[in-house]
Structures are given as C-alpha cells and as structure tokens.
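Reviewing the structure listed below.
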Amino acid sequence: MRVRNKYRKSTAFPCNVGSRCSISIVVWSLVGFLLMLQIYSLISHRNTVSGDIKLRMSRHPLVRELEQVEEENIQIPPPRGKRSPRAAKRRPKRTTTLVDEFLDENSQIRHVFFPDMKTAIDPLKDAGNDSFYYYPGRIWLDTEGNPIQAHGGGMIYDERSSTYYWYGEYKDGPTYHAHKKGAARVDIIGVGCYSSKDLWTWKNEGIVLTAEESNETHDLHKSNVLERPKVIYNENTGKYVMWMHIDDANYTKAAVGIAVSDYPTGPFDYLGSQRPHGYESRDMTVFKDEDGVAYLIYSSEDNSELHIGPLTKDYLDVKPDIRRILVGQHREAPALFKYRGTYYMITSGCTGWAPNEALAHAADSIMGPWETMGNPCIGGNKMFRLATFFSQSTFVIPLPGIPGSYIFMADRWNPADLSDSRYVWLPLIVGGPADRPFEFNFGFPLWPRVSIYWHRKWRLPSSWRVTK
C-alpha cells in the first residue's frame, strides 16, 4: 500500500506541472503574438506617416510654408476704467488673462480679436497679391458686400454643379438675454446658404430654411434655438438632407431637427424634431462615409459624453444602433473627417461662448473605441493654443489634390454681438507622431498627429485651389 501510494504521488506531480507549463506556454505565446502584431502595426503606420510626409514635401513644397506657424506676443494692457460685467463675473479676483480681454467688449485690445470693417476680406475688391488669402478673425464679405452669416456651419461639395455650399446659422439680428441667467442669443432667422467655386468667393444664396414668425409651438419659432445645421446629399433619394440642433430658449428640449430639399439652395422643408435614441442632443454634426452610410454624432447626458449612430438609408431618421464615446469628458462641437481608413474628430470643451482647448481624437471604426490624441493647435502662443485660437470647431473640409490636407473651420463667437461673430479657417494636416500614448493598443500610438497651424494670413497653394 505504501509503495502504491508513493507511486501515485510521484506520477501525479509531474502531470500537474506539465499542465501548468502547457497553459503558461499558451498564454505567453499569445501575449508574444499580440505584441508582435502590435509592433508590426506600429511600424506599418509609421511607414505610412513617413510616406505621407515625403509625398507632401516632394510634390508640394508650399506645405512647408503652412507649417511655418506664426507666434503671437500680445501684451495685456493695464486696467482702464470699469470692466464689463461679463469679464468681471468670469474672473473677479484673478489676474486678467487674454480670455478675459477677449470676452470684454470694452477691452483696449479688442481690435486684435475683432478687427473692424476697414480690414474686411472683400473678394470683389481688386486685392492684387492679397487675392485668395484667408485672414482668421476678420470680417468676411460675400459677393454683395455684406458680412457672411453662416455660423456653426458645415460644407458640402456638390459634384453635379462642381460647387461648394456653405450652410450656417443666420444671426443678423440683435443679441439679448431671454432672462437674467440666460445665455446670449439671437432670435432664429434661419439657415443661410452660400455658394463658391474656389472656397474664397462666396455668393449669398439666401435663407434656405426660415424661422416661424407666428406659431409659438413650432420648433422654428423665432424664440427657440436653431444651431449647427449640416447638410448631406442622399444618392438614393436625390434629396439634400439637413440636420440641426433644435432647442428652446432654456436649452431643455435638446433635440435634433430634420429638413429636406430637392436642391442645395433650398428651400428646405422642415419635417420635425426628435431626441435621437431617446437621449438629449445638443451640439451635433453628421458625417457621410465613403460607402454612403451617414452617421449622427451629438453631445448628450448634459454634454458629458458623445453618442454616435448610423442614419437610415434615406437619412431621415436614426437607426437603433448607438455607441457612447468620450464618456465623462464633457466635449462638444464635434467635427469629423476620414483619412486612409482612420476616422478623426476635433472637439471642444463646454464653456458656453468662451473659447477653450480643442482636442483631436481618432478611431479605426467610427463606432469606436475613440482615442484622444491631444491638442492639435500649433503656433500663436500658449493661450492661443489653449483657446483654439479663440474659436470653436464646426467642420473640416477635405482639400483636393493632397492626401491628409484639410481646412479647419471654426467660429470666433462674439457674445456681446453674436451677429459679429467671425470665422477662423486654418490649414489642418495629418502627419507626424502623436503627442501622447493612448489608452488602448498597449500605449503605442497607431495614428499620425493632427495639426492645426496658426496663421494671421494664409492661402491655399495654387495646386490645391478649386478651378473657377
């Protein structure tokens, strides 16, 4: 009996060791395989990034000019007289910052942020060598000599007419507060539309979706809120579909509105509003993928997170699918674009009309997971970068001719006079290493950096420019 028991013990022990060793070998082999796959993927992405940079530099040397950003050295003036209530309320006991000066309509350096009409961009004026230059923050005139009214806007390129159409909030009305604690607002006037062949000369096509004057129960009654209109074209139905943020004066409705038209220049017929997927929806955008599938992206849950979901085939409703992203990060003003199979997004923080820091995000699938890549802003000074050049994202325009090159569209809000809010258009380029390790992918960044370059004055290289 003793010999038999001893024999059993001696044979059982090696068997257990073998089992454990086999499991360990399998686990470590799997870990090694995943690490090798990750390293291969990283090398592949780096080679792609390197190739993109070499392509741009070899074929388009003017890219270097756009990447040579300008620095800003703005001195804050000493206090003079009484500051505006808005600036005093924001930081009553702290050292004055550039953001305070920006928000103060009585600031001695207000002209830096909001230059007067004398410096306006006028496409009809014979500007000579100044033609086609963008001046971020200056008044921008249309072909009738009036300031463009297309705030919080979006862009489509209509292949049938080879024309760009710019849609945005038409805010040419008085700014006021609905009540003491209410945000600055302008009554709904409608959605403005402008057309261009060259992304610089804009013709006013009129108000393509107008406010409701008499019916106070209508979503578009002038006392309500219409923000961030975006238009996409549906090849299946031949319709131009507009999505927008619809709200009441207190921002409690938190819905999206939908309108359709047979033509890019309208008129658009309003179909109604909804809370997509049953959730609140405030700042939003729509994105149409290369396969024709369109998506709605919106801030929800008191702006603490973003939601993404596909639209139906006719683009008039959302499908049940939904993904919550950037949960707890309090981001808004999403602007999406795609480059070489990777989805990118620029967002802002939630600080009302005050500017804040932009962040870039990336994902292999539009439904996530999404990674935060860091602040994309380059140039100006530290405060310029932390305030997104005193603007807020609204859209990203792909540029013809060079992969990875875009125009970043943003609004420089003027809460004292919202009709005088300005446009900040800057070059955005995808390329180079990312700023920070990512949460997923073992900390290795898989995507190139997104960079938005500050310029007081810039223009597209002639090879990028759309032919008139």
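Rounded to a whole number, what % of the accessible area of the range 265-417 do carbon and sulfur atoms account for, probe 1.4 Å?
49
Step through the residues of the range 244-258 one at a time and calculate ³J(HN,Hα) from phi using the Karplus curve (6.51 cos²θ - 1.76 cosθ + 1.60, θ = phi - 60°), rounding each to whole Hz and writing x for Gly and Pro.
For the range 244-258, the Karplus-derived couplings read 7, 7, 10, 8, 8, 4, 9, 6, 9, 6, 6, 9, 10, x, 10 Hz, x marking Gly and Pro.
With a cut-off of at most 12 other beta carbons within 10 Å, and DSSP calling the residue loop, which trypsin sites (Lys or Arg not before Pro) in the range 161-225 qualify? Please list them.
Loop-located and lightly packed - Lys180, Lys181.
Within the set of other residues whose C-beta is less than 12 Å from the C-beta of Val424, count the net charge using Lys and Arg as +1 and Asp and Glu as -1.
Combined, the nearby Lys, Arg, Asp and Glu give +3.
Say R0 is 25 Å: what FRET efficiency, to the nearest 0.05, do Phe132 and Lys382 get from their beta-carbon distance?
Values: r = 31 Å, r/R0 = 1.22.
The pair Phe132/Lys382 has a calculated efficiency of 0.25.
How high is the FRET efficiency from Gln274 to Asn236, r the C-beta distance, R0 25 Å, rounded to 0.05?
About 0.75, to the nearest 0.05.
Between Ser421 and residues 5 or more places away or on another chain, which pairs have amide H atoms under 5 Å apart, with H built 1.01 Å from N, and which residues are they?
Asn414
Find the Rg to Rh ratio for the range 135-236, where Rh is the Kirkwood radius over alpha-carbon pairs and Rg uses the same atoms.
Radius of gyration over Kirkwood radius for the range 135-236 works out to 1.01.
Using the heavy atoms of the protein chains alone and a 1.4 angstrom probe, what is the accessible area of the range 124-252 per residue in square angstrom?
On the way: 5440 Å² over 129 residues.
That works out to 42 Å² per residue.
Can you work out the PRE-style zone for Tyr251? Point 7 Å along Cα to Cβ, and I want the residues of the range 335-359 with backbone N under 16 Å.
Answer for this model: 348-357.
What does the net charge come to around His277 if you take all other residues with beta carbon closer than 12 Å to its beta carbon, with K and R at +1 and D and E at -1? Spell out each step's value before the answer.
On the way: positive: Arg275, Lys319, Arg323, Arg324; negative: Glu280, Glu301, Asp317, Asp321.
Every neighbour counted, the sum reads 0.
Counting Lys +1, Arg +1, Asp -1, Glu -1, what net charge surrounds Met117 among other residues with beta carbon under 15 Å of its beta carbon?
-2
The values are calculated or read from the model by the stated rules, or taken from the named source; none is laboratory data. Remember, it's a predicted structure, so these values are computed and weren't measured experimentally. Methodologically, a virtual Cβ is constructed for each residue, glycine included, from the backbone with ideal geometry; neighbour enumeration extends over all protein chains shown. Surface accessibility is based on the protein's heavy atoms, side chains included, excluding ligands, DNA and RNA. Shrake-Rupley method; radii C 1.70, N 1.55, O 1.52, S 1.80 Å.
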